[in-house]
Amino acid sequence: MWVYEKKLQYPVRVSKCDPTMAKYLMEQYGGADGELAAALRYLNQRYTIPDKVIGLLTDIGTEEFAHLEMIATMIYKLTKDATPEQMKAAGLGAHYASHDKALFYENASGVPWTAAYIQAKGDPLADLYEDIAAEEKARATYQWMIDLTDDVDLQDGLKFLREREIVHATRFREAVEIIKEDRETQKVF
């Protein structure tokens, strides 16, 4: 179904060890508005969405997994040289005690990921509006993360992800219009 190239969708670079920033990025790894929740939300919703927009949910859902991989790489690079003391100082002492530096699906506060983060109503418009909101929340979170770091290399990757959220929200808005137009079309049976 897919062709996997052993490279990231966009290069991830960091210029320094920064476990505090890694902690913040965990929000996009395992948080309610993060990449895992988005990928699972869209790929699940595609089963009850009209055929005219099913491909959109498939495309964006799989791209979100590529974004998840980028976030994982950022977190890994930001913590790989961190000492236990640095992890503790960054508020990651409990994470380190349970997982060492391994990635774990949790948000920036250490709350584990849950399926309660995702929605599927079965109504195409309700689901698409949920998706637009999810993309806008992710865009805002990426902007705040860009503001939290002075690492220009990391900012570059975060800006790429922020821009992709804007594109996704725009595509979902287009899908809403397609669904509305289709509902208004007279059906002949």
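The values are calculated or read from the model by the stated rules, or taken from the named source; none is laboratory data. Source: prediction; values computed, not measured. Glycine also receives a Cβ, built like all others from the backbone with ideal geometry; neighbour counts cover every protein chain displayed. Side chains included, ligands, DNA and RNA excluded: accessible areas come from the protein's heavy atoms. Shrake-Rupley method; radii C 1.70, N 1.55, O 1.52, S 1.80 Å.
Points worth noting:
- Accessible area in square angstrom per residue, the chain, 1.4 angstrom probe: 53 Å²
- Overall form of segment 47-106 per C-alpha gyration tensor (a/c, 1.5; a/b vs b/c): prolate
- Under a 5 Å amide H cut-off, with hydrogens placed 1.01 Å from N, Ser15 pairs with Asp153, Leu154 among residues at least 5 apart or on other chains.
- Across segment 77-179, the mean sequence separation of Cα contacts (distance under 8 Å, 6 or more residues apart), normalised by length, yields a relative contact order of 23 percent.
- For Lys180, the lysines whose Cα comes closer than 18 Å to its Cα, not counting residues fewer than 8 places off in the same chain, are Lys52, Lys121.
- Value of D in µm² per second that Stokes-Einstein yields for segment 116-186, Kirkwood Rh from Cα pairs, at 37 °C (0.692 mPa s): 242 µm²/s
- Note on exposure: Asp127, Asp81 ranked by accessible area (1.4 Å probe, complete protein assembly) read Asp81, Asp127, with the most exposed listed first.
- If you bin all the Cα-Cα distances of the chain at 10 Å, starting from zero, the percentages per bin are 9, 35, 31, 16, 6, 2, 0.
- Relative contact order computed over the chain (Cα-Cα under 8 Å; 6+ residues apart), in percent: 30 percent
- Between Thr62, Thr79, Thr48, the Gaussian network model of the chain with springs among Cα atoms under 10 angstrom shows the greatest mean-square fluctuation at Thr48.
- Rounded to the nearest 20 debye, the dipole size of the chain about its Cα centre is 280 debye, using +1 on the Cβ of Lys and Arg and -1 on the Cβ of Asp and Glu.
- Within the accessible surface of segment 14-91, defined with a 1.4 Å probe on protein heavy atoms only, the carbon and sulfur portion equals 52 percent.
- By the rule of a C-alpha distance below 24 Å, with chain neighbours fewer than 8 residues away ignored, the lysines paired with Lys101 are Lys6, Lys7, Lys16, Lys23, Lys77, Lys80, Lys88.
- Diffusion coefficient, µm² s⁻¹, Stokes-Einstein with Kirkwood Rh over alpha-carbon pairs of segment 1-89 at 4 °C and 1.567 mPa s: 89 µm²/s
- For Glu106, the amide hydrogen comes within under 5 Å of the amide hydrogens of Gly30, Trp113, counting only partners 5 or more places away or on other chains and with H modelled in the peptide plane.
- In loop segments of segment 1-81 as defined by DSSP, the GluC sites (Glu not before Pro) with at most 13 further C-beta atoms inside 10 Å of their C-beta are Glu5.
- Cα gyration tensor shape for segment 98-154, rounded if a/c is under 1.5, else prolate or oblate: oblate
- DSSP-assigned coil residues among trypsin sites (Lys or Arg not before Pro) in segment 64-122, each with at most 14 further Cβ atoms within 10 Å: Lys80, Lys121
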